[in-house]
1. Net charge near LYS62: determine it from the other residues with C-beta under 12 Å of the C-beta of LYS62, scoring Lys and Arg +1 and Asp and Glu -1.
2. Cut-off 20 Å, label point 7 angstrom out along Cα-to-Cβ of TRP87: give me the residues of the stretch 100-138 whose amide nitrogen falls inside.
3. Could you tell me what a quarter of the Cα convex hull surface of the stretch 72-135 works out to, in nm² with one decimal place?
Amino acid sequence: MNGIEKAPATEPVATEGLQPENAQQKVVVVQHTQEFMGPIPSPQILTEYSHILPDLPERIVKRFEEESRHRAAMEKEAWAFHRRGQWMALFMGVVALIIAAVLTLSGHDGVGGTIGGVTVTGLVGAFIAGKLHNSKDT
């Protein structure tokens with residue numbers, strides 16, 4: 001909150017030998033700066049807001065609480081989606097490896113080896129890519 005107050009000084013600036021018509025009045029400029037960091041303003045600022053609208057501080061705090069609950073729910077949902085994706089990847093990898101083993105044991109070594117190799121390579125690559133992506137985020 002910035003505000004500038006101008007208050008004339010009570011004493012004129014004058015030195016000996018100056019005539020009163022040449023005397024100057026000194027102007028004092030006072031600047032008050034107030035900053036805050038965080039999701040809600042400081043209690044002093046909330047009190048000033050209450051002078052504008054009596055229920056404004058309550059509305060500001062309520063809005064912050066709603067946003068906090070929403071953010072927590074979205075993070076929880078994102079984590080559940082991430083976990084579900086890991087379980088699906090595990091399931092598909094195991095199924096592909098079982099198919100590769102069945103094909104290899106039934107005499108289709110080339111096809112079974114290819115499916116098994118591609119599956120393992122893809123899972124390892126996805127795991128490494130995920131780790132690299134997570135390390136960039138932190």
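Any read-out appearing in this document is the output of simple, stated calculations on the displayed coordinates, not a laboratory observation. What you see is a predicted model, and the numbers here were worked out from it, not measured in a lab. Using ideal geometry, Cβ is built from the backbone for each residue, glycine included, and neighbour counts are taken over all protein chains shown.
1. Details: positive: ARG59, ARG63, ARG69; negative: ASP55, GLU58, GLU65, GLU66, GLU67.
Combined, the nearby Lys, Arg, Asp and Glu give -2.
2. Residues passing the 20 Å test: 127.
3. Values: hull surface 18.3 nm².
Averaged projected area of the stretch 72-135's Cα convex hull equals 4.6 nm².
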